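My questions will all concern the structure given below.
The values are calculated or read from the model by the stated rules, or taken from the named source; none is laboratory data. Given the structure is predicted, the values throughout are model-derived calculations rather than measurements. Heads up: the accessible areas ignore ligands, DNA and RNA and are worked out on the full protein's heavy atoms, side chains in. Shrake-Rupley method; radii C 1.70, N 1.55, O 1.52, S 1.80 Å.
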Amino acid sequence: MDLVVAVGGPYLLARGEEGRPLTALAVLLGVSFVNQVLLTALLRASVGKLVAGIRVIRVADGGRPGFWRAVYRWLCGLCWLPLQPYYWLRAFFRGLGGGGGARGTVTDNDDGELYHADLAGLRYARRTDLAA
């Protein structure tokens, strides 16, 4: 759902027009920021998470995520996708060499899993679990 929200508008804007990729990229980043940062800071969820009944909470106390934590999480998400080929190649060559886990990463995370280690101190929780 979040992907449809973030990509749908820029796709419709850039479709069939030349010279609009930068505009589409700017709209993509803007919509993504509003969806992932502003809505998360205000409502504890993005559009897709609201529909699914999921909330983003602070790991430490289950409270509302702050604005800067949400910004940090969003920026890490933007960096995650371009780094996937690196994670795949690193895991492949470590497997060939019989090497152990990656050093210098959170929990020696070789697979590039984004939300494995409570990114920015935030975690997902079902809305029903929060009410209990």
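Could you order W80, W68, W74 by accessible surface area, starting with the largest, using a probe radius of 1.4 Å?
So, going from the largest accessible area down, we get W68, W80, W74.
Let me ask something else. Using heavy-atom solvent-accessible surface (probe 1.4 Å) with all chains present, what is the largest-first order of S46, S32?
These residues rank, largest area first, as S32, S46.
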